[in-house]
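Below is one structure; the comments refer to it alone.
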Amino acid sequence: MNFISNLMDGINYGFSFLNLLGILVGYLLGIIFGAIPGLTGGMAIVLLLPFTYNFSPIFAIATLMGIYKGGVYGGSITAILFNIPGTPMAAATAFDGYPMRIKGEGLRALEMALFASIIGGTVSNLLLMFTAPPLARVALKLGPAEISALIFFALTIITNLMGNAAIEIWKGLVAAGLGLLFSIVGLDMLTATRRYGFGIIQLDSGINYIVAIIGILALAEVFNQIDQAGELKLAVLKEVKIFKRPTMKSRLKDLKICAKDIFRSSIVGSIIGALPGLGATEAAFLGYGEAKRNSKHPETFGEGEIIGIAAPESANNAVCAASMIPLVTLGIPGSVVAAALFGAFMIQGMMPGPMLMKTNPEVIYGLFVLMLVTDILGGLIVAYPILYLAEKYMKKIAYNVLFPFIIVFCAVGSYGINFNTFDIKVLLFLGVFGYFIKRNGFFGPIFLIAFILGPFLERNVRTALIISKGSISIFLRSPVALILLAFSVIYTISSIKKKFKK
């Protein structure tokens, strides 16, 4: 009864023209920032955070959540049209989205990405609304040993599912190893000794993950496409078939085909989002991997499979609402965006944590309701028209017009993080590095996932070893950690054996 009362108060408090306008404007800004390589919805939130001081709590936080959700979806637009993910979580979408675009099904791919995003976000919103406290309690019980095993399990699943041959699994493992190696560049997190910096003082703080994302995903793809084109074309970006416009019948058919994978990926994304330290990128790849593993025709993935778009998009959008679970119930910001939203609550004089739902229930439940509305209204009113504008104009942009803009955005985005020209040098190095690993059949996204997860893995492994005084038995004493590690080894061996038979 208390839940129903709080929910009704939230609806009365949250529903107003100004609040709805705020989430729509936020969603639009998020799409713009998310679609531009080098910029992200999280960056937009950080930039706008100081301006929320004079706004009401519900308007300020709902607008920032609109930016977050729009930013997560926006990356799929450039991923599908140009094979250049605007955000790291859209990298998995590019695997099948870009091949569909080449076949003239770009609009179909863009629509499915939007529909999956709306459904995934809605499922996550409902889970947040009804199951936030119990899910947060489960996440809180995971210690460093369990988190380490979970991250290791995620890495093995991703590397095993990227390719269709045994050699591709080995290349995936090598890419993951390189990502982990790059992630430990800089000062040791415990002893403050320098590691793998080659005497370069600027590397003491490590390689910024945003610079790595831009270099490996965006700049490397520019180099790759220039190499494939041979020269800067003055005509269209690539010779593709005319985009086929989906009919209502074909849309319903696609949704029927993808329904099971969308629902499963939405649950996966919601669980991943509720775990501090993991985020939309990991959820997208896990959702994609699970869809491929459960498919009757896994060989079609990577060649323009519609499920390969629906699964990662529903998973990464499901993370948005779920990432609020540890924040509003435990006061633990589990991601960069959640940390920025933590600041937004603090600016408004509200301390995230167990007491927040008791002291400000109308704000929290009003926010829950507005988040539910954001996915539906933002997707249909803001995002849907943008798809047709993108389909009509963006595919006609020439190489010699598009690529200079992307390179400039990459450089500006990298420089704007720390206002340091050294980051541009790192960007160039990673762009060239990403180009070469892609040319040789290694997976850049796997490298990037391992790079992002590396610090979390190291921190939790070392914390677990400190707790156990250096004994690795801590990973064997925990049933959860032991099961996850066993699954990782068994799954890797079985995958290699299975793909050697092909």
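Read the figures in this text as sums done on the coordinates, not as results from a lab. Treat the numbers as computed from the prediction; the structure is a model and nothing was measured.
What to note about this one:
- Taking a quarter of the surface of the Cα convex hull of region 2-500 gives a mean projected area of 23.4 nm².
- The convex hull defined by the C-alpha atoms of region 256-318 has an orientation-averaged projected area of 3.8 nm².
- Calculated SAXS-style log₁₀ I(q)/I(0) at q = 0.18, 0.21 Å⁻¹ - region 433-502, Debye, Cα scatterers: -0.94, -1.02
- Over 28 Å between alpha carbons, listed pairs 103/296; 249/438; 171/292; 171/260: 249/438; 171/260
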